[in-house]
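Q: Sharing a structure here in C-alpha cells format.
Rule-based calculations on the coordinates, nothing more; no lab input. As the structure is a computational prediction, the values presented were derived from the model and not from experiment. When we count neighbours, we look across all protein chains shown, and the Cβ atoms used for this are built from the backbone with ideal geometry, even at glycine.
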Amino acid sequence: MVDDARPATVLGGKHLVLGVTGSIAAYKAVGLLRALRAQGATVSVVMTRGATKFMPPLTFEVLSGHRVVTDLFEAQDAMPHLTMAEEADAVLVAPATANFLAKAALGLADDVLTTMLLNVRCPVIVAPAMDGDMWTHPTVIQHVDTLRARGVVVLDPEVGPLASGRVAQGRLPTEAKILEAAHAAVLSPADWQGQRVLVSAGPTQEPLDPVRFLSNRSSGKMGYAIAEAVRDRGGEVVLVTGPCAVPPPSGVTIVPVNTASEMADALSHHFSSCTVLIMAAAVADFRPRVTAVEKLKKQGKSEMELVLEATPDILAMLSARRTSQVVVGFAAETEDLLSHAKDKLKGKGLDLIVANDVKQAGGGFGSDDNAAVILSATGEQRVCGLMAKRQLADEILNAVRDLCLMAPRGASLVE
Ligand code: C5P
C-alpha cells in the first residue's frame, strides 16, 4: 500500500535506481516500481541474473520507461555501472537476497548491480527477503551489520508466512516501509553519521517480591523507533531497554535492564562515550522500599500497605554530569502538557523535551502513532500532529540536529 499521507513531491524529480535480485519476492518489485513512478520518480531498473529467472525484464522496462540493465557487457551504455551511479539520488535494492548482502558487504563486483554499488555515493536502501533461517544465520547477520556500519539502510524483513510455508522473519518489508525509507533517504541522507546515541526505552519493573512488580503501560515502541531512525540515518546506537513485548531493532547495541536502578547503571556506564542521550524510557518514579525475599502471603489480610521510595532521576543526574552531550527527555503528561514539559526541561537541565499527551486518542502508550510538541531550552517549539512513531522519531532527530547539533548551543548546556 502506498503511503498516501506523504507529499507526492518528496520523490518528484528524483532519480532512483531499483535493483532487483533473485528472490521469489521479485514480483513485488513491480508494485514498488509503480509506486515510485506514481510519486514522480524516474526509475532505472537493474536486475541480477537470478531476478530474471523470476520476472521478465520486459515488465520492468515497460513500467519504468527505460531499458533494464541485466548484463555489464551487453548494455547499450558502455559503462552503466558508472552512469547510473552518478545519476542516482538513491539506490533501492528490493528484494535483496542473502547472496546480494554478502557480495555488497564484501565489495564483490561480479554483476552490474554490485559493480554499480562500488561507485555509488548516494544513500542505499536494502530490503531483504529470504527464508527465516537464512536471515538469522550468523553470516547474514554479520553482513547486515557491516552494511549498516557503512551507512547502508538495511530494513528488517517482516515476520509472516514465507514461500517455504514456514512462518518466520523473512518477508520483503512492506511497500509502505520501503517508500518511507526512500523518502527519509532523499530528505536527510545519513545526517547522523558520526553520532553515538544512547537511547532508553520501555518501562521499568520494580519488584515487590520474587513474582510481583510495579510497572507502567510503556510499550517501548517510541524509543525503539528512535533507535531505528538513528541507525537508518547513519548513527551508532546503544539502546538501554526495559522489558518490552515488541522485538528491539537489529543493528544496534542492546542493553536489557529491569529496574530503574539497573537502567541508571547501564546509562551511566555508556553516557560518557555518547554524543546524544535520548531518554524515552518510562522510568518508575517510585519503587517498593523493601523487596520481599519470599512471595508475599495474604495470610487473611483484607488490606496491605506498601511503602514506596523515590527512584533516582536518571535524566537529571546525567544531565548534571554531562560534558558535551546533548540531552533530550520526554514528558508523558495527562494534563497541562506544555507547562509541565517546560518545568521538566528547565528543572532537569535538558536541551530538548518531547511533550506528549498520553491521554490523546490514537496516540500514547502502546499505540503505533503519537503526537507531540518538541520544546527546546532556547525557546523553539515544533508541533508534530498525530503520526507514525517512526515518523515522529525522524522529526525528533531533525529537531536535535537543527537545534542542538548544528545550531550554537542553547543556554542549558554546561560549559
Ligand atoms: O519527571 P518525569 O518522570 O515526568 O520526567 C520524564 C523524563 O525523565 C523522561 O525522559 C524519563 O525517561 C526521565 N526519567 C528519569 N528517571 C526517573 C524518572 C523519569 O530519567 N526516575
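Q: Looking at GLY165, LEU147, ASN216, which one has the Cα that reaches farthest to the positive end of the dipole of the stretch 139-228 (charges on Cβ: Lys, Arg +1; Asp, Glu -1)?
A: Positive-most Cα among the choices belongs to GLY165.
Q: Test of understanding: what is the full-extension gain from SER339 to ILE24, defined as 0.36 nm times their sequence separation minus their Cα-Cα distance? Walk me through the numbers before you get to the answer.
A: Working: separation 315, 0.36 × 315 = 113.40 nm, distance 5.39 nm.
Between SER339 and ILE24, full extension yields an extra 108.0 nm.
Q: Please go through the residue pairs LYS177/LYS348; LYS295/LYS342; LYS297/LYS348; LYS295/LYS346; LYS53/LYS177 and name each one whose alpha carbons sit more than 30 Å apart in this structure. It would help to have the intermediate numbers written out before the result.
A: Working: LYS177/LYS348 36 Å; LYS295/LYS342 42 Å; LYS297/LYS348 40 Å; LYS295/LYS346 42 Å; LYS53/LYS177 26 Å.
In this structure, LYS177/LYS348; LYS295/LYS342; LYS297/LYS348; LYS295/LYS346 exceed 30 Å between Cα atoms.
Q: Going toward the positive end of the dipole of the chain, with +1 on Lys and Arg Cβ and -1 on Asp and Glu Cβ, which of VAL255, VAL120, THR378 do you reach last?
A: Checking the options against the dipole of the chain, the answer is VAL255.
Q: Only counting other Cβ atoms within 10 Å, I'd like ILE353, ILE141 sorted with the fewest neighbours first. Before the final figure, lay out each step's value.
A: Values: ILE353 26, ILE141 14.
Result, fewest neighbours first: ILE141, ILE353.
Q: Taking a label point 7 Å from the Cα of GLN142 along the Cα→Cβ vector, which residues of the stretch 95-112 have an amide N closer than 17 Å to it?
A: Within reach of a label on GLN142, which here means backbone N under 17 Å from a point 7 Å along Cα→Cβ, the stretch 95-112 contributes 98-108.
Q: Evaluate the relative contact order of the chain (contact order divided by residue number), counting alpha-carbon pairs under 8 angstrom at least 6 apart; express in whole percent.
A: 11
Q: Then there is this: In terms of Cα to Cα distance under 13 Å, which aspartates and glutamates are near enough to LYS14, apart from those fewer than 8 places away along the same chain?
A: GLU86, GLU87, ASP89
Q: Picking from GLN193, SER64, CYS244, whose Cα lies most toward the positive end of the charge dipole for the chain (charges on Cβ: Lys, Arg +1; Asp, Glu -1)?
A: The one lying farthest along the dipole's positive direction is CYS244.
Q: Using the 10 angstrom Cβ neighbour count as an exposure proxy, how do THR323, THR115, THR174, THR241 rank, fewest first?
A: In order of increasing Cβ crowding within 10 Å: THR323, THR174, THR115, THR241.
Q: Taking a point 7 angstrom from the Cα of LYS297 along the C-beta vector, which residues in the stretch 200-239 have backbone N less than 18 Å away?
A: Counting only backbone N, you get 209-212.
Q: Take ASP285 and SER324, extend 7 Å from each Cα along the Cα→Cβ direction, and tell me the distance between the two endpoints in nm.
A: 3.6
Q: Hey, another quick one. How large is the direction-averaged shadow of the alpha-carbon convex hull of the stretch 15-186, in nm²?
A: Result: 8.8 nm².
Q: Convert 25 °C to kelvin, take the viscosity as 0.890 mPa s, use the Kirkwood radius over C-alpha pairs of the stretch 131-246 as Rh, and evaluate the Stokes-Einstein diffusion coefficient in µm²/s, rounded to a whole number.
A: 151
Q: Using the crude model of +1 on Lys and Arg Cβ and -1 on Asp and Glu Cβ, and no other charge, please compute the dipole size for the chain relative to its Cα centre, in debye to 20. Intermediate values should be presented prior to the final figure.
A: Details: 39 positive and 45 negative charges, 83 e Å.
Computed about the Cα centre, the dipole is about 400 debye.
Q: What fraction, in whole percent, of alpha-carbon pairs in the chain exceed 26 Å separation?
A: Summing the P(r) tail past 26 Å for the chain gives 58 percent.
Q: P(r) for the stretch 283-373: what percent of alpha-carbon pairs falls in each 10 Å bin, starting at zero?
A: For the stretch 283-373, the pair-distance distribution reads 14, 31, 28, 19, 8, 1.
Q: Could you please tell me the mean projected area of the C-alpha convex hull for the stretch 261-415, averaged over all directions and given in square nanometres to one decimal?
A: 11.7
Q: Take LYS53, LYS342, LYS14 and order them by how many other Cβ atoms sit within 10 Å, fewest up front.
A: LYS53, LYS342, LYS14
Q: Per 0.36 nm of contour for each residue apart, how much would the distance between ARG121 and MET304 grow if the chain were fully extended, relative to their Cα-Cα spacing?
A: Separation in residues times 0.36 nm, less the Cα-Cα distance, equals 59.4 nm.
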